[in-house]
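Worksheet for the structure shown next.
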Amino acid sequence: MKITKKEVEYVARLARLALSEQEKEKMTAQLDSILQYVDTLNKLDTKDVEPTSHVLPLNNVWREDMIRPSTPQSEILANAPDQAEGFYKVKKVIE
Amino acid sequence: MDLFKLTAHELSEKIKKHEVTSQEITTSVFQRIDAVEPKVKAFVTLLKENALQQAEKIDQKIKAGEKTGSLAGIPIAIKDNMNIKGVKSTCSSKILNNFVSPYNATVIDLLKKQDMVFIGKTNMDEFAMGSSTETSYFGKTYNPWNLEAIPGGSSGGSAASVAADEAILALGSDTGGSIRQPASCCGIVGLKPTYGRVSRFGLVAFASSLDQIGPLTKDVADAALLMNAIASYDQNDSTSVNIPTPDYTKALVKDLNGLRIGIPKEYFVAGMDKEVEQSIRDAIRLLEKQGAKIIEISLPHTEYCLAVYYILAPSEASANLARYDGVKYGYRTPNAKDLLEQYEKTRGEGFGPEVKRRIMLGTYALSSGYYDAYYLKAQKVRTLIKNDFDEAFKKVDAIVTPTAPTAAFKIGEKTEDPLQMYLSDIFTISVNLAGIPAMSMPCGFTKNKMPIGLQIMAKHFAEETIFKVAYAYEQNTAWHKEKPSL
């Protein structure tokens, strides 16, 4: 086994995903088979190979620090699940 | 005449000659939608009223002799992961079910500048994760050639809408084959441009180093026209590349003399679908007859592409999808006691099984203790895959392969086995990992009358080479003129 149900529970907590018992069972089996498949990469020696994160050379992009119009607060808050006094409203963060 | 059946370049000619108006075309397209959409279910949102208003405005502009874009008045469908201001962008997910875009994606602004008409947002695999459009929260899309088959995915709605004549053109996005594989399944043309060629600003991110927007069209000339409209440098996308955009229609010439086309032996393996292989071999012979030089090549790391992709794409996705937490927009669970539970339940209830699977896989591959073994390893093998293509393009100008190992499969056939589903993308994924452009175009049918797709790849920013090969092939065949009977 590449992955256990306990590890699935740990990763689900890292990913902030609530999974049902049934989902955990299924996820364990499916991730296990995918990870077994991915193991094929270990056939390759990559000791001296540089990793590629992007295929094209990327540089940081700068722009002049100029004032530009931004989206109005009301338009952004229009999508908020809950709001109060111009802020997003969520459950208490600090007990 | 049934205007909805025509291509964009045919309709543009008619508009310019004042033979038809955009309103007539748009009305015709919506009549077609009324007739076949109950069977195909390509759309998540239809914008009939807006579209007819837009068409009217564009007609007035044309009538007044004002300057208009080269695709002025042509109706287009947009995959539901691109933002149109004031319209829902759901990514076919419950978690964005009620999300209304506060801004336009750059491609939308560019199409507006061309005076195009937006007819609706198309169905997709949830967050573009899938190869069959079966993971959509809003239900399945059906293949116009056989309503029991999948349309491919993830841009299945866009592909099906064009194949069913419910849209003249469509935009899709391609992370591992999501434009090309559905184009192949639905018998149309689909192009994934070079990474960095088309702005991703306003495209909901799945795997940022792989995602690219591109056209889904009825023929090759339409794909060139749509590329002319959307290929552009954009300050809002830091991975957008600042080089001039050629006029792709100039590449539409019937001349392959001296062009070197590579056939990678790793894409023609024992056990591959006989009908698919036969069609591709026939296509290669035709290209050779047209003057191309056919050269056998090797892309030795092909067998590792799928494994690399299923580490890198979920890893990037797990980071990109962390933003869906029920705080600022989208679905929020009504059943949480505290903030942590709000995050976990919102995401647990808001995402479907495939998205959860990929978030889990990505989180695992990036987690402490596994990063080197999975994520870093995959990035290194990605280098080897890219090197394969660099080497190959020293010897050839284009590479030709099948787009998919089989024609469209039956709905439900692969939903229970994720690995089998992932294998549908085995011929398309390498292109995204290498960042090169590739097209799928119709090259035949199975005996059950399901379309087969030919994939044409070229090196970075050599879309013109692809257009040249595709046009020469298309002008000598009639596959693209066949229509499904709906």
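The values are calculated or read from the model by the stated rules, or taken from the named source; none is laboratory data. What you are looking at is a predicted structure, and each value in this text was computed from that prediction instead of being measured. Reconstructed Cβ throughout: ideal geometry from the backbone, glycine too, with neighbour counts over all protein chains shown.
Values computed for the structure shown
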item: Failed criterion for A:ILE76 (all others in (1) modelled with pLDDT of 95 or more; (2) surrounded by 14 or more Cβ atoms within 10 Å (Cβ to Cβ) hold); result: (1)
item: Residue within segment B:111-119 that is among the aromatic types (Phe, Trp, Tyr), out of contact with any His (no Cβ under 6 Å at 6 or more places or on another chain) and under 21 Å from B:THR239 (Cβ atoms) present; result: no
item: Residue satisfying all of: in segment B:420-444; in contact with a Leu (Cβ under 9 Å, 6 or more places away or on another chain) and within 13 Å of chain A (Cβ to nearest Cβ); surrounded by the most Cβ atoms within 10 Å (Cβ to Cβ) among these; result: B:SER430
item: Hey, B:GLY69 at pLDDT below 95 and touching an Asp or Glu at 6+ places or on another chain (Cβ under 8 Å) or not; result: yes
item: Per-region count, segment B:303-327, residues closer than 17 Å to A:SER53 by Cα and of a type outside the set (Gly, Ala, Ser); result: 11
item: Failed item in (1) more than 7 Å from every other protein chain (Cβ to nearest Cβ); (2) closer than 26 Å to A:GLU7 by Cα; (3) crowded, with 17+ Cβ neighbours inside 10 Å; (4) touching a residue at least 60 places away in the same chain (Cβ under 8 Å), with B:ILE311 passing the rest; result: (1)
item: Output for segment B:451-486, where each listed residue is surrounded by 20 or more Cβ atoms within 10 Å (Cβ to Cβ), within 20 Å of the chain's Cα centre (by Cα) and among the aliphatic types (A, V, I, L, M); result: B:ILE452, B:LEU454, B:ILE456, B:MET457, B:ALA458, B:ILE466, B:VAL469, B:ALA470
item: Sole residue being over 30 Å from B:TYR329 (Cα atoms), aliphatic (A, V, I, L, M) and out of contact with any His (no Cβ under 6 Å at 6 or more places or on another chain), chosen from B:VAL44, B:VAL100, B:VAL29; result: B:VAL29
item: Residue satisfying condition, being part of a loop (DSSP other than H, G, I, E, B) and either closer than 29 Å to B:LYS394 by Cβ or among the polar types (S, T, N, Q) (or both), within set B:VAL253, B:VAL276; result: B:VAL253
item: Hits in segment B:49-82 - residues which are of a type in the set (Gly, Ala, Ser) and touching a strand residue (DSSP E or B) at 6+ places or on another chain (Cβ under 8 Å); result: B:ALA51, B:ALA55, B:GLY73, B:ALA77
item: Candidate set: segment B:318-342, residues that are within 30 Å of the chain's Cα centre (by Cα), among the hydroxyl-bearing types (Ser, Thr, Tyr) and farther than 22 Å from B:LEU361 by Cβ; chosen: the one nearest to the other protein chains (Cβ to nearest Cβ); result: B:TYR329
item: Test result for B:SER184, in contact (Cβ under 8 Å) with a residue 24 or more places away in the chain and in contact with a helix residue (DSSP H, G or I) (Cβ under 7 Å, 6 or more places away or on another chain); result: no
item: Residue within segment B:468-480 that is under 15 Å from B:VAL276 (Cβ atoms) and at pLDDT 95 or above present; result: yes
item: Which listed residue is closer than 23 Å to B:ILE429 by Cβ, touching a His at 6+ places or on another chain (Cβ under 7 Å), among the small types (Gly, Ala, Ser) and surrounded by fewer than 24 Cβ atoms within 10 Å (Cβ to Cβ), from B:SER240, B:SER209; result: B:SER209
item: Residue check for B:ASN104: closer than 25 Å to B:SER238 by Cα, touching a residue at least 12 places away in the same chain (Cβ under 8 Å) and in a loop (DSSP other than H, G, I, E, B); result: yes
item: Enumerated helices (runs of 4 or more DSSP H) restricted to chain A, each holding at least 2 residues that are more than 7 Å from chain B (Cβ to nearest Cβ) and within 24 Å of the chain's Cα centre (by Cα); result: A:5-14, A:21-38
item: Residue selected from segment B:70-96 under the condition among the small types (Gly, Ala, Ser) and buried (at least 20 other Cβ atoms within 10 Å of the Cβ), by the criterion nearest to the other protein chains (Cβ to nearest Cβ); result: B:SER89
item: Qualifying positions in segment B:343-382 - touching a Phe, Trp or Tyr at 6+ places or on another chain (Cβ under 8 Å), outside any loop (DSSP other than H, G, I, E, B) and more than 8 Å from chain A (Cβ to nearest Cβ); result: B:THR346, B:GLY350, B:VAL355, B:ALA365, B:LEU366
item: Check on B:LYS447, closer than 26 Å to B:GLU474 by Cα, surrounded by fewer than 18 Cβ atoms within 10 Å (Cβ to Cβ) and charged (D, E, K, R); result: yes
item: Some residue of segment B:141-151 being of a type in the set (S, T, N, Q), buried (at least 24 other Cβ atoms within 10 Å of the Cβ), assigned to a loop (DSSP other than H, G, I, E, B) and more than 8 Å from the chain's Cα centre (by Cα); result: yes
item: Residues satisfying the stated conditions in segment B:80-101, i.e. over 19 Å from the mean Cα position of the chain (by Cα) and not in a loop (DSSP other than H, G, I, E, B); result: B:LYS88, B:LYS94, B:ILE95, B:LEU96, B:VAL100
item: Subset tally (residues that are farther than 23 Å from B:VAL100 by Cβ and of a type in the set (S, T, N, Q)) for segment B:315-347; result: 3
item: Residue match in segment B:51-61 (condition: at pLDDT below 95 and over 27 Å from B:PRO144 (Cβ atoms)); result: no
item: Counted residues, segment B:408-419 - those being within 13 Å of another protein chain (Cβ to nearest Cβ) and on the phi > 0 side of the Ramachandran plot; result: 0
item: Residues (of a type outside the set (Val, Ile, Thr) and surrounded by fewer than 24 Cβ atoms within 10 Å (Cβ to Cβ)) located in segment B:97-114; result: B:ASN97, B:ASN98, B:PHE99, B:SER101, B:PRO102, B:TYR103, B:ASN104, B:ASP109, B:LEU110, B:LYS112, B:LYS113, B:GLN114
item: Residues being at pLDDT below 95 and in contact with a strand residue (DSSP E or B) (Cβ under 9 Å, 6 or more places away or on another chain) - total across segment B:355-392; result: 0
